[in-house]
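Accompanying notes for the structure given below.
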Amino acid sequence: VLERFGEGREGCEGLRNLALEGAARSVIEGSLESLPTRAPYEVLRIMSLVLENLCMSASGNHELRICLKEWQNVLEAARRQGDWALQAKAVCDRLQNSLGEISQRYIDALQPTAQSMGNKLGVDGHVLDLFSEEIIRGTAAAPLSQMLRVLDPVIRNVANMGSWQIVSNAECSGVIVSVASLADVQNVKYSQPTVIIADRVGGEEDIPVGVVAIVTPDMPDVLSHCAVRARNEKVLFATLFDVNVLEQMKAMTGKSVQLKPSAQGDDLQFDVVDGIIGTDAEVIATSSSDSVSSDISIIKRPFQGKFVATSSEFTPELVGGKSRNLQLLRGRVSNLIKLPPSVAMPFGTFDAVLDVPENAGAKRQIAELVKQLEAYDSTDGVGFKALIAEVKACIATLKPTADLSKSLKVAFEAESLGWPGDLVTSAQGQKAWKTILGVWASKYNERAVLSCKKAGLNHADLSMAVLCQPVVRARYAFVLHTVNPQNNDKSEIYGELVCGLGEALVGNFSGRALSFKTSKSNLDNPTVVGFPSKSKGLFMEQDSLIFRSDSNGEDLEGFAGAGLYDSITMEEATLKNVDYSTDSLITDETKRQKLLATISKVALEIETLCGSPQDIEGAISEDGQLYIVQTRPQV
């Protein structure tokens, strides 16, 4: 110890810090049992001390320091007897994610060496498996983890949250199967109705065939792609906050249960019922011939002889719903709403590019690879992904023509859209072309291929138009559903909002968005359902273009095609930590209510113009302008 800390003043301070940390840990652990009976404000203060102790003990503590600042705001709100519980829940969720990252850092740093040395020394395998875990339990992170476990039910009780959040409401029965991650089983087919309990759900996964319910302690956004698919397929999807109930359900693995969610979307009743006792051995994998019977079909859109279409030329024969719906709104929405200038590369342009003589070799190779893909057993996950990667790599070699580049330039200038440069000769133009190829290649995304197969759709009939727009350099991005998807209430608008670009909302980013609902009869009074807990945001720090997928397979009734294909920015966005403690949207209730009310009014306006419930994506720019970047019929 003296060699580590030295014999002088610094050594004494190091030893004193260790002693103080040990004493703090003893006090905290000794008080855990009494915390549920203490006044909430006192518990919040103890939590603040525990978090501060970890901040002083941990290296690389930027995320923890942000959480500490947010917690201090919670403390102040509680001291003033304000509305603090929902904000406290968000900070606790963010801390839980941060602790998970800290734990993983320890495991990555220590476990490989422990396994290597332990195997050579003949150490018991069970001891080796627990090595990193025991080290973590000896750090200052352990008391915080214990505090969060005790604090969570206290906060949920004050916030009237309950133990459940129903993301997709459906009554069902099935056999419980417990998995580490939904992504691990998205390629399999279950031979009987199955209830999946997944520790991890990112939000981008597809739902396996045979699954009737997904229960998770994870918190994917209500408007994430996976959630939308669950609602479309009438699959129960629920977040469970109570750890004890989660363990109770996991203990039922192999048993048949009946699940009955409440109509309000805040509770779920589950009971063991008579039925087939299932095991993991009874899971059968999806073969290339497996599909679900479906009356849905994709109408193949052939090339119409146009490489490019301006917004006034958008028709169903040329472009998909994203492009057409924006054109429908253009000139009809109020002055409050800004619509980005748009140009499209129509259906069939990809096929026309393949037919160019310079691309003849790539065309033959792509055709052969796609033929292999159609016959491939998708349950061979590694091989399936490798084949998809080959298809995409081949598409990335395609060359543009001078005529295509010239046509695109004319259209960009007609729409006052910044032209990146010649697609063949300029560096920025080549970057734009590479991005366009990436959108076309997303037709062969793993989830896209599997979803078409699952729905019984002919993947070859899928045509991909590309919608070209400027990137809105967003301070906030939002998604709105004009019918509340949690309870199918047509009188309520439901929305989610994040800092930065919308990819943090619809993509696989841990944590939750700011969520709210608004009665259509009282648009000036939105209700916050949950505060944000996402630690990261994507921010565009320069002017750029985005090339959006706009296929003929995204707005089919009964098929959740949204999110299967890629929209790609020409320049990469910057990933940053988000500090809600200084964000006026969180700290200033008046400003927050005004913005959410404005967004809600925009949602109702667009629903009225389109004549049906809408799924709307938009952004608030750095200068406060409100943009709608796309709208589609709500699935």
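The values are calculated or read from the model by the stated rules, or taken from the named source; none is laboratory data. Being a predicted model, the structure only gives us computed values, none of them experimental. Cβ atoms come from the backbone with ideal geometry, glycine included; neighbour counts cover every protein chain shown.
Name every residue in region 570-601 that is in contact with a Leu (Cβ under 7 Å, 6 or more places away or on another chain) and of a type in the set (A, V, I, L, M), in order of residue number.
Correct list: 570, 573, 575, 585, 595, 597, 599.
Can you tell me which residue among 325, 335 is within 25 Å of residue 474 (Cα to Cα), touching a residue at least 12 places away in the same chain (Cβ under 8 Å) and out of contact with any Leu (no Cβ under 8 Å at 6 or more places or on another chain)?
325
Quick check, is residue 202 surrounded by fewer than 21 Cβ atoms within 10 Å (Cβ to Cβ) and over 27 Å from residue 448 (Cβ atoms)?
So residue 202 does not fit the description; no.
Which members of region 186-224 meet the condition of being out of contact with any Pro (no Cβ under 8 Å at 6 or more places or on another chain), touching a residue at least 60 places away in the same chain (Cβ under 8 Å), assigned to a strand (DSSP E or B) and of a type outside the set (Ser, Thr, Tyr)?
Selection gives 192, 195, 209.
Kindly list the number of the only condition in (1) within 30 Å of residue 315 (Cβ to Cβ); (2) in a loop (DSSP other than H, G, I, E, B) that fails for residue 466.
Answer for residue 466: the failing condition is (2).
On the given criteria, is residue 498 at pLDDT 95 or above and within 13 Å of the chain's Cα centre (by Cα)?
Criteria met by residue 498.
Please name all residue pairs, on different chains or six or more residues apart, with Cβ atoms under 6 Å, provided the first residue is in region 489-500 and is not assigned by the TED database to the domain that holds residue 220 and surrounded by 24 or more Cβ atoms within 10 Å (Cβ to Cβ) and the second residue is part of a strand (DSSP E or B) and among the β-branched types (Val, Ile, Thr).
Close Cβ pairs (under 6 Å, with a partner that is part of a strand (DSSP E or B) and among the β-branched types (Val, Ile, Thr)) amount to 493/518; 496/479.
Test residue 416 against the stated conditions and say whether it is farther than 18 Å from residue 571 by Cα, outside the structural domain of residue 187 (by the TED database) and not in a helix (DSSP H, G or I).
Yes; evaluated as a whole, the condition is true for this residue.
Take residue 98 and decide whether it is exposed (fewer than 12 other Cβ atoms within 10 Å of the Cβ) and over 20 Å from residue 157 (Cβ atoms).
no
Filter region 256-276 for residues that are part of a loop (DSSP other than H, G, I, E, B) and polar (S, T, N, Q); which is farthest from residue 197 (Cα to Cα)?
Looking at residues that are part of a loop (DSSP other than H, G, I, E, B) and polar (S, T, N, Q), I get 264.
Of the residues in region 587-616, how many are touching a residue at least 40 places away in the same chain (Cβ under 8 Å), farther than 19 Å from residue 490 by Cβ and either among the polar types (S, T, N, Q) or buried (at least 22 other Cβ atoms within 10 Å of the Cβ) (or both)?
4
Looking at 438, 456, 421, 429, which is the one that is out of contact with any Leu (no Cβ under 8 Å at 6 or more places or on another chain) and part of a helix (DSSP H, G or I)?
Answer to the selection: 438.
Go through region 511-526 and count every residue that is farther than 16 Å from residue 604 by Cα and surrounded by fewer than 24 Cβ atoms within 10 Å (Cβ to Cβ).
Going residue by residue through region 511-526, those that are farther than 16 Å from residue 604 by Cα are 511-515.
Still in the running and surrounded by fewer than 24 Cβ atoms within 10 Å (Cβ to Cβ): 511, 515.
Of the residues in region 511-526, 2 are farther than 16 Å from residue 604 by Cα and surrounded by fewer than 24 Cβ atoms within 10 Å (Cβ to Cβ).
One line per residue, one yes/no per condition, for (1) in contact with a Pro (Cβ under 6 Å, 6 or more places away or on another chain); (2) β-branched (Val, Ile, Thr); (3) part of a loop (DSSP other than H, G, I, E, B); (4) under 30 Å from residue 94 (Cα atoms):
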site	(1), (2), (3), (4)
538	no, no, no, yes
541	no, no, yes, yes
554	no, no, yes, no
572	no, no, yes, yes
599	no, yes, no, yes
603	no, no, no, yes
606	no, yes, no, no
612	yes, no, yes, no
632	no, no, no, no
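Working carefully through the options 547, 516, 509, find the one that is closer than 17 Å to residue 93 by Cα, assigned by the TED database to the domain that holds residue 627 and either hydrophobic (A, V, I, L, M, F, W, C) or without any contact (Cβ under 8 Å) to a residue 60 or more places away in the chain (or both).
509
Of everything in region 312-357, what is closer than 19 Å to residue 409 by Cα, more than 28 Å from the chain's Cα centre (by Cα) and either acidic (Asp, Glu) or part of a helix (DSSP H, G or I) (or both)? Give them in sequence order.
Selection gives 312, 313, 349, 350, 352, 353.
Hey, residue 444 hits all of (1) over 30 Å from residue 597 (Cα atoms); (2) touching a residue at least 40 places away in the same chain (Cβ under 8 Å); (3) out of contact with any helix residue (DSSP H, G or I) (no Cβ under 8 Å at 6 or more places or on another chain); (4) not aliphatic (A, V, I, L, M) but one; which does it fall short on?
Single failed check for residue 444: (3).
State which residue pairs qualify: first residue at pLDDT 85 or above and inside region 119-146, second residue β-branched (Val, Ile, Thr) and surrounded by 19 or more Cβ atoms within 10 Å (Cβ to Cβ) in any location, beta carbons under 6 Å apart, and separation of 6 or more residues or different chains.
What qualifies is 141/102; 143/28; 143/50; 144/50.
Is at least one residue of region 150-165 under 28 Å from residue 264 (Cβ atoms), in a strand (DSSP E or B) and either at pLDDT 90 or above or of a type outside the set (S, T, N, Q) (or both)?
Yes; the residues of region 150-165 include at least one that is under 28 Å from residue 264 (Cβ atoms), in a strand (DSSP E or B) and either at pLDDT 90 or above or of a type outside the set (S, T, N, Q) (or both).
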